[in-house]
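For reference, the structure discussed in these notes is given below.
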């Protein structure tokens, strides 16, 4: 049927202008999938499908396939008028589970859904979109349940590397030139307040971290007096940021951290087996109780993860790493530079 013969309803109360370009994009991508309802063959006034007709016309179409036309001539004129209003209005009543919709959109790797009016990165949110604001506060717009493994944690990719020549604290990452980072690793064995901002604005620091040879996952503290749930949240945040960085091409080395034995239930989740890992003895060497906790946890990590290499930041406190290679980095130093590494072959 020729589009020129199709007549829009002159008293159509719905404004469709903003939707026409998006519907046109959908038709270009998927074809004309819906139908267009007309009053009758003798009176081809649109009952439903105003936006589809306008979108096809904007694409330069001259005709609508007859298979996409249906007639409402079994209805009375009053029923047609009522149905025209009802068809428009009932579409406005439906709502979305915005979090589920966002996850569905994010799972489509080959489609730019902003073409169809779906943009979850926009900072301007419609009224009622408070859930999306909350999602961003928890970084659910970057990583959520669908990105996690069966154990509930985002899986970090295995990495095999000899280790950087030195480790530098994140607190000096913004002031160090990119060229000077090429053979350095960035560590987070510093006070949490110095890198909490990473969780608050993860995207803001990608360009700061990308020049490093490798970046260790954040060492969010697992204090012994923290409830297990709080310790698990900090471990999740560490893994989540590591996963996010890896998705953006950064070489990520998992940082091992633990507390009391109950933390073993979650503190190694997301860490790949047979991979290079990192850990620290900062604050442990002078405390016998802390040394025991560290030895017990490291022993558990070696058993569960069987790492190929350990980047050890801080003093070696006499742990037997067996046949695993250990690359030692001495703590302290000027402007976060940690002194030369020492490679130790075990076994």
Of the criteria (1) modelled with pLDDT of 90 or more; (2) under 33 Å from the mean Cα position of the chain (by Cα); (3) more than 13 Å from residue 256 (Cβ to Cβ); (4) surrounded by fewer than 19 Cβ atoms within 10 Å (Cβ to Cβ), which one residue 337 fails: (1)
From the list 68, 98, which residue is surrounded by 13 or more Cβ atoms within 10 Å (Cβ to Cβ) and under 30 Å from residue 143 (Cα atoms)? 98
Is it the case, given these coordinates, that residue 279 is closer than 18 Å to residue 196 by Cα, buried (at least 23 other Cβ atoms within 10 Å of the Cβ), touching a residue at least 12 places away in the same chain (Cβ under 8 Å) and in the same structural domain as residue 189 (by TED's automatic domain parsing)? no
Could you figure out which of (1) over 16 Å from residue 237 (Cβ atoms); (2) modelled with pLDDT under 95; (3) in contact with a helix residue (DSSP H, G or I) (Cβ under 8 Å, 6 or more places away or on another chain) isn't true of residue 161? (3)
The correct count of residues that are surrounded by fewer than 18 Cβ atoms within 10 Å (Cβ to Cβ), over 42 Å from the mean Cα position of the chain (by Cα) and in a loop (DSSP other than H, G, I, E, B) in the stretch 1-19 is 6
From the list 246, 239, which one is buried (at least 20 other Cβ atoms within 10 Å of the Cβ) and under 23 Å from residue 136 (Cβ atoms)? 239
Output the residues belonging to the stretch 20-54 that are buried (at least 16 other Cβ atoms within 10 Å of the Cβ), in a helix (DSSP H, G or I) and free of Cβ contacts under 8 Å to residues at least 60 places away in the same chain. 20, 23, 24, 27, 50, 51, 52, 53, 54
Would you mind telling me which numbered condition in (1) assigned to a loop (DSSP other than H, G, I, E, B); (2) more than 24 Å from residue 314 (Cα to Cα); (3) in contact with a strand residue (DSSP E or B) (Cβ under 7 Å, 6 or more places away or on another chain) residue 249 fails? (3)
I'd like to check something: does the stretch 259-273 contain any residue that is assigned by TED's automatic domain parsing to the domain that holds residue 319 and either closer than 24 Å to residue 175 by Cα or in contact with a strand residue (DSSP E or B) (Cβ under 9 Å, 6 or more places away or on another chain) (or both)? yes
Residues satisfying the stated conditions in the stretch 77-96, i.e. in contact with a strand residue (DSSP E or B) (Cβ under 8 Å, 6 or more places away or on another chain) and in a loop (DSSP other than H, G, I, E, B): none
Going through (1) closer than 19 Å to residue 162 by Cβ; (2) under 30 Å from the mean Cα position of the chain (by Cα) one by one, residue 249 fails only at (1)
Mind checking which pairs have a first residue in the stretch 312-323 that is within 14 Å of residue 278 (Cα to Cα) and assigned by TED's automatic domain parsing to the domain that holds residue 255 and a second that is in a strand (DSSP E or B) and at pLDDT below 90, Cβ under 8 Å, 6 or more apart or different chains? 316/344
From 142, 184, 156, which residue is outside the structural domain of residue 209 (by TED's automatic domain parsing) and either surrounded by 15 or more Cβ atoms within 10 Å (Cβ to Cβ) or at positive phi (or both)? 142
Restricting attention to the stretch 133-147, and to residues there that are in contact (Cβ under 8 Å) with a residue 24 or more places away in the chain and either in contact with a helix residue (DSSP H, G or I) (Cβ under 6 Å, 6 or more places away or on another chain) or in a loop (DSSP other than H, G, I, E, B) (or both), which single residue is nearest to residue 119 (Cα to Cα)? 141
Going by what's in this entry, would residue 198 be described as surrounded by 13 or more Cβ atoms within 10 Å (Cβ to Cβ), touching a helix residue (DSSP H, G or I) at 6+ places or on another chain (Cβ under 8 Å), assigned to a helix (DSSP H, G or I) and touching a residue at least 24 places away in the same chain (Cβ under 8 Å)? yes
Filter pass, residue 207 being more than 24 Å from residue 145 (Cβ to Cβ), assigned by TED's automatic domain parsing to the domain that holds residue 331 and either touching a strand residue (DSSP E or B) at 6+ places or on another chain (Cβ under 6 Å) or not in a helix (DSSP H, G or I) (or both): no
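The values are calculated or read from the model by the stated rules, or taken from the named source; none is laboratory data. In this text, all values refer to a predicted model and were calculated from it rather than measured experimentally. In this analysis, Cβ positions are derived from the backbone assuming ideal geometry, glycine residues included, and neighbour counts consider all displayed protein chains.
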